[in-house]
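The values are calculated or read from the model by the stated rules, or taken from the named source; none is laboratory data. Model, not experiment: these values are computed from the prediction. Cβ placement follows ideal geometry from the backbone for every residue including glycine, while neighbour counts extend to all protein chains displayed.
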Amino acid sequence: MSDELKLVFDEPPQRKKVPKHLADFSPAERKEFAASFGLPGYRASQVATHYFSHLSNDPSTWSDIPAEMRQSIADQLTPKLINLVRSITCDNGMTRKDLWKLHDGVLVESVLMRYTDRVTVCISSQAGCGMNCPFCATGQAGLTRNLSAGEITEQIVAAARACADGELPGGATRLSNIVFMGMGEPLANYNAVMRSVRNITDPNPDGLGISARSVTVSTVGLVNGIEKLTEEGISVTLAVSLHTPDDELRDSLVPINSRWKVKEVLAAADAYEKKTGRRYSIEYAMIRDINDQSWRSDLLGRLLKNRNAHVNLIPLNPTPGSKWTASRPQDEAEFVRILESYGVPVTVRDTRGREIDGACGQLAAAEKTRED
Ligand code: SAH
């Protein structure tokens, strides 16, 4: 074997390990993490206070740590895991999409949206996605890798910092809501997502102190993941991307349906609702002439009428090259009318960020094309 070939066989492409970050660990583990650098445990608490309570990324201001140690401690405990490539805004700056490069060059995105009564960030839990839903831009490229809890939390802390620093029009504000509706399937990266959720909900200085009900975890319907979440004892809002009430179509729109059927997914969501008392949300992308017929609305109404669920209709945001488009307004209106006739609460998601392909993986996909 030539040396060149030998090299190829001996060294399969190795992913560089994601650097460890304070946000990867529980508050108790953070002390051991600090100890691994020869630091006393209280340094972990000090840095957590700067990171989660003050949202500070400027160690020169960390006056409870000796000046000459600040930078190295910051680098050890809170290494910069996400680097901003580009931001684009729309809606007069009230919507901002950030494209982040991770330490190994992988790209992910998050979207920050300011409303009159709240500020929501939509974050990515994976680079790419393995769920392969044909209408979703992220699904087209497959799964690159899971994000670490640190990489997920960094997106959230960056959003909280942007709010506090008054980067959005309207002045300084607080980040109020976090939705796991960016790239990836959160329940397929369960542990990192749950660590991130705790980082959101733990009170200062261990976390951001945002209530669990302000956090939405959206899933294609991984029943084992929903069951685990039910046992977790944390009442986040669960969103299930159903997209159609019948297994026949769902097998192709949401391919994991071949593993867990509509009935099983709804039963798992019901058990979650029973345990937490939280109404869940059914996400439904309205695709013209594919899943928007009135008989489907009727079937969905019958499925949901005795359940504590509400339907969130999302006008399809067509992906480049897709033959599918959003429903006609009259079909959407009829769909809503039928659901309401069953007493099912329905909202039509606003199309925030549509011009910038908000939260459908399209910015990262475009950037990749530019680089290729
Ligand atoms: N994997 C998770 C979360 C990511 S996507 C999930 O599937 O729930 C967040 C939501 O956006 C999902 O309901 C998803 O189906 C929807 N979505 C994806 N691509 C879309 C598109 N092109 N237009 C409208 N909604 C889309």
Taking the options Ala149, Ala162, Ala127, name whichever one is on the phi < 0 side of the Ramachandran plot, more than 16 Å from the ligand (Cβ to nearest atom), at pLDDT 95 or above and in contact with a Ser or Thr (Cβ under 7 Å, 6 or more places away or on another chain).
Ala149
Filtering the range 298-336 down to residues that are over 16 Å from Cys136 (Cα atoms) and without any contact (Cβ under 8 Å) to a residue 12 or more places away in the chain yields Asn306, Pro329, Gln330, Ala333
Enumerate the pairs (first residue in the range 50-76 and of a type in the set (Ser, Thr, Tyr); second residue anywhere and surrounded by 15 or more Cβ atoms within 10 Å (Cβ to Cβ) and part of a loop (DSSP other than H, G, I, E, B)) with beta-carbon separation below 6 Å, excluding pairs fewer than 6 apart on the same chain, so at least 6 apart or on different chains.
Tyr51/Thr78; Ser53/Pro205
Condition met for Ser218 (away from the ligand (no atom under 16 Å from the Cβ) and touching a strand residue (DSSP E or B) at 6+ places or on another chain (Cβ under 7 Å)):
no
Would the range 150-168 turn up any residue that is small (Gly, Ala, Ser), more than 24 Å from Ala48 (Cα to Cα) and part of a loop (DSSP other than H, G, I, E, B)?
no
Could you list all residues from the range 238-254 that are within 14 Å of the ligand (Cβ to nearest atom) and either outside any helix (DSSP H, G or I) or acidic (Asp, Glu) (or both)?
Leu238, Ala239, Val240, Ser241, Leu242, His243, Thr244, Val254
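Answer yes if at least one residue in the range 100-111 is in contact with a His (Cβ under 7 Å, 6 or more places away or on another chain) and away from the ligand (no atom under 16 Å from the Cβ), and no otherwise.
no
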Quick check on my filter: what residues within the range 130-146 are under 20 Å from Arg86 (Cβ atoms) and within 11 Å of the ligand (Cβ to nearest atom)?
Ala137, Thr138
Checking Gly184 against (1) crowded, with 20+ Cβ neighbours inside 10 Å; (2) under 13 Å from the mean Cα position of the chain (by Cα); (3) on the phi < 0 side of the Ramachandran plot; (4) within 16 Å of the ligand (Cβ to nearest atom), only one condition comes out false. Which one?
(3)
Would the range 177-196 turn up any residue that is without any contact (Cβ under 8 Å) to a residue 60 or more places away in the chain and among the hydroxyl-bearing types (Ser, Thr, Tyr)?
yes
Quick one: count up the residues across the range 289-309 that are farther than 22 Å from Lys323 by Cα and either of a type in the set (Asp, Glu) or buried (at least 19 other Cβ atoms within 10 Å of the Cβ) (or both).
7
Just to be sure I understand the filter: pairs with C-beta atoms under 8 Å, separated by 6 or more residues or on different chains, first member in the range 281-292 and closer than 21 Å to Leu266 by Cβ and assigned by TED's automatic domain parsing to the domain that holds Val217, second member part of a strand (DSSP E or B) and aromatic (Phe, Trp, Tyr). Which pairs pass?
Asn291/Tyr284
Quick check: anything in the range 310-319 in the same structural domain as Asp247 (by TED's automatic domain parsing) and away from the ligand (no atom under 15 Å from the Cβ)?
no
Of the conditions (1) away from the ligand (no atom under 16 Å from the Cβ); (2) at positive phi, Lys80 clears all except one; give me its number.
(2)
For the structure I just gave you, tell me whether Val336 is buried (at least 19 other Cβ atoms within 10 Å of the Cβ) and closer than 23 Å to Ser218 by Cβ.
no
Test for Thr244: is it modelled with pLDDT of 95 or more, farther than 30 Å from Ser211 by Cα and polar (S, T, N, Q):
yes
Only residues that are within 12 Å of the ligand (Cβ to nearest atom) and among the hydrophobic types (A, V, I, L, M, F, W, C): list them for the range 270-289, please.
Ile282, Ala285, Met286, Ile287
